[in-house]
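Visitor: Dumping the structure here so I can ask a few things about it.
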Amino acid sequence: MPDKTKGKERLDKKVADAMEAEADQDRHRMEEAILATLAKGGPDDPFNETLFRAFNDGSLTFSRSDLSAIANALHEVVCLQGVPADAVLLRDKLGSSVKGAVLTDILDGSKAVDAAVALLYIEKLNSLDKYRAADAAGREYLKAIEKAKQEGGEVEGAFADLSRIVFDLAKEKKLLRDYPVERDAAEGFLDTLNARRADGRDWLGLDSGFKHLNETLNGLTEGVFILAGAPSCGKTTLAKQIADTVAEKEKVPVLFYSFEQSAEELRIKSLARLSSVDSRVIWKGRTGTDTWAKVARAAEEYLQGPGPCLTIIEAGRKDTVEAIRAAALMARRKAGDKPVLLILDYLQIIPAGKEAPDTLRERIDWNLTELRRLSRDLKSPVLVVSSQNREAYKENKPPTLAALKESGGIEYSADGVICLWRDKGESERLTKGFDRLTVRVEAHVLKNRNGELAKVKLDFTPAWALFTEGDKERLDYTAALGE
C-alpha cells in the first residue's frame, strides 16, 4: 500500500512538472520577446524605461539566470550608457554565463514584438508571479494545518503560526505592501515645506506665463487639468504658448502630444507669436526680406528658449496613455527626476488600451483615470485639451461644468477645469479672418482642487497666435455649476 501511495505521488509530481515546464516554455518566450523588443528599440525608445522600472521594483522577474543576466547587461548598455545593443559589447559583459545562441536570438530582432505587446507581456508575467506566490502561500498554509493535526497542538497556536507563515510569504513575494507609519513616512516633510517657503514664488506649481492663472490654480501642480472650449477659441494656441513658457522658464521637460495638428503648424504658432508676423504669411512663404528677418530672429529665440526642453509628438493610434507614460518616465529620468509637463491635444481622440471599454464616453473616463495615475506617478501636471458639447456654445452663454457632460466624467475626474469662452459676435468676427484682430476671451476656472474659482480675461490675437492677460474676477460656485 505504501508503495502504491509513493507511486501515485511520483506520478502526480511528473504531471505537475510537465505542466510547469509547459508554462515555463510560454514564459520564456514572453521574456525573450521583451528583451528582444528592448534591444531592437535602442536607447531612445521609451519602452526601455517602462521595462526597467518594472524590473527594478520587482514587478518583473526573469525565470532563467541567463535572461536575467542579459536584462542587466542591456540595462547598463542601452539605458545607462545610451548606446545601441551591440553584440560584441554585450558578450564582453556577459562572458561565458550566457550561451552565444541565446544572446544572438535576442539581438537579431526575430523575437521582437510591438512595444504595446511587450507591455502586455510584462503585465501578464507580473500576474503569473503573483498567482504562483499566492498558490505557494496556500500550500504552506495547508502543510501547517496538517502538521498541527499530526502533532496535536493547540488550535490557537496553530492559527498564530499559520498567520505568521502566510504574512511572511505574502510580504516576501510582494503580495502585500509594507506601508510606513507617519513617523517614518513624513520624515523630512518640514524641510520640504521650508524649501517651498524659501522659493519666493506666490504659487507652488510650474509657471504658466499667466499671473492670474498661476494665482488661481497655484501654478501647474501635480494633477489633470482640462482646457476646454468651443471651436476656434484658441485652445491649442493657448496650450502651445503655455508649453513654450514652461519649457523656457522652468527648464523642465515638456511633451506636447498633438493628435490633430502637425509639428509644423505648432511651430509656426510660436514663430508668429515671437515675431508678430501673421502665421498665414509664414505658412504660405509670403515673407519679404524685412519680414523674414523677424521670423529668423524668432526662430533663433524659439530654438534657444523652449527648444532644449520642448518635444512635439505628432501622435497617432499607438500613443495610448501607457505609451505616453513610458515616454514621460524616460524624459523625467533624463532630466534628473524634475517634473514633466504633459500636454495632450485632445482628449476625445486619445486612443485607449485593449482593456478599455467600447463606448466613447467610457473610454474617455478610462483614459482620464489612467492620466490621473500617470500624473501621480510622475508628480507632474497633465494639461488635456478637450472639446465642449455643441449645445453649450450655441447658446452663447458663459460656460458651466454642464458643458462637459457629453465628454464623459471630466467634471468629476479632473483636478482643474478651464473653459475658454467669448460671446457669439466676437466668434463670428474671428472666423472672417481679419488680420491682427484681437478679441476678448475669458478663461473660466470652473473646477479647482487647489483653490478658488475665477474668470481670467485674456486678449487673443489669432494671426499672431498670442494670448495676453487682463484682469481677474472671482467666480461663484453656483455659476460654475450652472445653478
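Visitor: Test of understanding: among SER386, SER375, SER380, which residue is farther than 20 Å from TYR477 by Cα, touching a residue at least 24 places away in the same chain (Cβ under 8 Å), more than 14 Å from the chain's Cα centre (by Cα) and crowded, with 20+ Cβ neighbours inside 10 Å?
Guide: Residue meeting the stated conditions: SER386.
Visitor: Quick one: which residue in SER232, SER208 is of a type in the set (S, T, N, Q) and crowded, with 22+ Cβ neighbours inside 10 Å?
Guide: None of the others qualify; the one that does is SER208.
Here's the yes/no breakdown for (1) within 25 Å of the chain's Cα centre (by Cα); (2) buried (at least 19 other Cβ atoms within 10 Å of the Cβ):
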site: VAL246; (1), (2): yes, yes
site: LYS251; (1), (2): yes, no
site: VAL254; (1), (2): yes, yes
site: LYS269; (1), (2): no, yes
site: SER279; (1), (2): no, yes
site: LYS284; (1), (2): no, no
site: THR287; (1), (2): no, no
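Visitor: Let me ask something additional. Given ALA326, ALA298, ALA331, which one is in contact with a Ser or Thr (Cβ under 8 Å, 6 or more places away or on another chain), at negative phi and free of Cβ contacts under 8 Å to residues at least 40 places away in the same chain?
Guide: Checking each option against the conditions leaves just ALA298.
Visitor: Yes or no: ALA352 within 17 Å of ASN48 (Cβ to Cβ), surrounded by fewer than 23 Cβ atoms within 10 Å (Cβ to Cβ) and in the same structural domain as ALA228 (by TED's automatic domain parsing)?
Guide: no
Visitor: Does segment 49-58 contain at least one residue that is within 21 Å of LEU119 (Cβ to Cβ), touching a residue at least 40 places away in the same chain (Cβ under 8 Å) and acidic (Asp, Glu)?
Guide: yes
Visitor: Given the criterion buried (at least 20 other Cβ atoms within 10 Å of the Cβ), polar (S, T, N, Q) and under 20 Å from the mean Cα position of the chain (by Cα), identify the matching residue among THR237, THR221.
Guide: That would be THR221, the only listed residue that is buried (at least 20 other Cβ atoms within 10 Å of the Cβ), polar (S, T, N, Q) and under 20 Å from the mean Cα position of the chain (by Cα).
Visitor: If we keep just the residues of segment 390-416 that are assigned to a loop (DSSP other than H, G, I, E, B) and over 26 Å from the mean Cα position of the chain (by Cα), which is modelled with the lowest pLDDT?
Guide: Of everything passing the filter in segment 390-416, GLU395 is modelled with the lowest pLDDT.
Visitor: Return yes when VAL88 is modelled with pLDDT of 80 or more and either loosely packed, with under 12 Cβ neighbours inside 10 Å or more than 26 Å from PHE62 (Cβ to Cβ) (or both) and no when it is not.
Guide: yes
Matching residues to (1) assigned to a helix (DSSP H, G or I); (2) within 21 Å of LEU347 (Cβ to Cβ); (3) in contact with an Asp or Glu (Cβ under 6 Å, 6 or more places away or on another chain):
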residue: VAL224; (1), (2), (3): no, yes, yes
residue: ALA228; (1), (2), (3): no, yes, no
residue: THR245; (1), (2), (3): yes, no, no
residue: GLU248; (1), (2), (3): yes, no, no
residue: PHE256; (1), (2), (3): no, yes, no
residue: GLU260; (1), (2), (3): no, yes, no
residue: ARG267; (1), (2), (3): yes, no, no
residue: VAL277; (1), (2), (3): no, no, no
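The values are calculated or read from the model by the stated rules, or taken from the named source; none is laboratory data. No experiment lies behind these values; they were computed from the predicted model shown. So basically every Cβ, Gly included, is an ideal-geometry build from the backbone, and we count neighbours across all protein chains shown.
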